[in-house]
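The structure appears below as structure tokens.
Nothing in this text is a laboratory measurement; each read-out follows from the coordinates by a stated rule. Because the structure is predicted, anything quoted here is derived from the model rather than measured. Because the Cβ atoms are built from the backbone with ideal geometry, glycine has one as well, and the counts that use them run over all protein chains shown.
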Amino acid sequence: MPTPFLTFLESTPFPLIMGILNTTPDSFSDGGRFTSIEKSLQHALKMQADGADVIDIGGESTRPGASPVSLQEELARVIPVIKAVKAETDVYISVDTSKPDVMLAAANAGADLVNDVRALTEPNALETVAQLKLPVCIMHMQGQPKTMQAQPHYTNVSHSVIEFLSNRIDACVDAGIQRNHIIVDPGFGFGKSFEHNFQLLAEFADLKKLQLPILAGLSRKSMIATATGQDVNHRVYGSIAGALICAQHGANILRVHDVQATKDALAVWQYTHKFIREY
């Protein structure tokens with residue numbers, strides 16, 4: 001049986017908004033801003049008020065050049081925040097982690113979704129998600145965060161991303177994860193150059209070949225900076241443009257820092273659908 005989150009996702013004709021909540025000291029955009037439970041909770045409440053459907057809580061930065069953190073450190077950063085947000089809001093909660101023990105603890109704390117940038121390639125990750133029966137988002141990444149931006153190379157980036165995700169979907173199903181519990185993410189900015197990122201964006205609709213919900217996360221990333229020339233604190237407008245392109249080409253979830261701005265942009269797009277004539 002689908003989880004409540006999947007039921008909600010399947011019943012919604014327009015993309016859900018996933019608000020980002022990093023409890024890390026070193027994330028590229030908001031590192032250090034939400035390292036206490038109280039600050040994290042207040043930010044979650046604001047994102048809920050602004051229109052977030054899901055809040056993605058992560059305790060390990062995966063920005064380019066980032067080093068991994070220990071299991072105990074990640075648990076300490078993430079689990080109390082999940083519990084606090086679960087107690088005070090009614091939004092769905094996603095846990096942004098690659099560690100099976102964090103996935104298990106997060107599920108016990110009330111998480112509704114696992115979001116793994118390493119696509120369940122860590123030891124025992126597949127088995128853990130199969131056991132939890134939670135929906136999972138698997139992402140494409142070439143390399144690891146520490147070195148992924150050191151000259152990434154593809155013959156055809158869209159083909160490579162789709163092939164990788166297709167293989168990981170098969171691995172998930174073989175491990176006992178229901179296919180309709182899987183969400184895919186092309187991984188903007190993860191082992192990809194400026195050109196690779198925009199090629200993926202231009203060909204975003206190709207991801208629909210996988211016949212699964214698609215998550216798009218390009219909010220405030222360096223591809224926006226390269227296109228606009230703006231620093232990380234001034235990438236809202238470019239991020240909204242990217243999110244809207246993804247929405248128009250089939251994204252089911254938009255992972256964003258700027259919830260209200262994204263919500264407003266989607267509202268304008270959604271209203272146009274009420275006036276489109278069929279010929």
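Once you charge only the Cβ atoms, +1 for Lys and Arg and -1 for Asp and Glu, what is the size of the charge dipole of the range 16-270 about its Cα centre, to the nearest 20 debye?
Details: 21 positive and 27 negative charges, 41 e Å.
My answer is approximately 200 debye.
Quick one, can you get me the convex hull of the C-alpha atoms of the range 68-108 expressed as volume per residue in Å³?
Considering the Cα atoms of the range 68-108, their hull volume per residue is 63 Å³.
Given the C-alpha centroids of the range 86-136 and the range 137-214, what is the distance between them in whole angstrom?
Here the answer is 19 Å between Cα centres.
Using every pair of alpha-carbon atoms in the chain, split the distances into 5 Å bins beginning at 0 and state the percent of pairs per bin, rounded to integers.
Using 5 Å bins, I get a P(r) of 1, 6, 13, 18, 21, 19, 14, 7, 2, 1, 0, 0 for the chain.
Using amide H atoms built 1.01 Å from N in the peptide plane, name the residues 5+ places from Val117, or on other chains, whose amide H lies under 5 Å from its own.
So Val117 has HN proximity to Thr97.
Under a 5 Å amide H to amide H cut-off, with H placed in plane at 1.01 Å, what residues pair with Leu16 once short-range neighbours are removed?
So Leu16 has HN proximity to Ile253, Leu254.
Kindly provide the Kirkwood hydrodynamic radius of the range 140-279 in Å, to one decimal, from all pairs of distinct alpha carbon atoms.
16.1 Å is the Kirkwood radius here.
Evaluate the range 57-129: find the radius of gyration of its Cα atoms, find its Kirkwood radius, and give the ratio Rg to Rh.
Checking Rg against Rh, the ratio lands at 0.95.
In Å, the Kirkwood hydrodynamic radius of the range 153-223 over pairs of distinct alpha carbons?
Working: mean 1/r = 0.0784 Å⁻¹.
Evaluated over the range 153-223, this radius sits at 12.8 Å.
Which value in deg cm²/dmol, rounded to the nearest 500, describes the helix-derived mean residue ellipticity at 222 nm for the chain, given -39,500 (n - 2.57) per DSSP H run of n ≥ 4 and division by the residue count?
-13500 deg cm²/dmol
Distance check, please: which entries in Lys208/Lys263; Lys39/Lys209; Lys86/Lys192; Lys86/Lys274; Lys83/Lys274 exceed 31 angstrom between their Cα atoms?
Numbers: Lys208/Lys263 23 Å; Lys39/Lys209 40 Å; Lys86/Lys192 35 Å; Lys86/Lys274 35 Å; Lys83/Lys274 39 Å.
In this structure, Lys39/Lys209; Lys86/Lys192; Lys86/Lys274; Lys83/Lys274 exceed 31 Å between Cα atoms.
Label-point separation (nm) for His159 and Glu127, each offset 7 Å from Cα along Cα-to-Cβ?
Inter-label distance under the simple model: 3.7 nm.
Working from the alpha-carbon coordinates of the range 50-173, get Rg over Rh, Rh being the Kirkwood radius.
Looking at the range 50-173, the ratio lands at 0.99.
At what distance in nm do the modelled label points of Phe14 and Glu195 sit from each other, each positioned 7 Å from its Cα along Cα→Cβ?
For the pair Phe14/Glu195, the computed spacing is 3.7 nm.
Among Pro13, Ala241, Gly143, which residue has its Cα positioned farthest towards the positive end of the charge dipole of the chain, with +1 placed on the Cβ of Lys and Arg, -1 on the Cβ of Asp and Glu, and the dipole taken about the Cα centre?
With unit charges placed on the Cβ atoms, the residue in question is Ala241.
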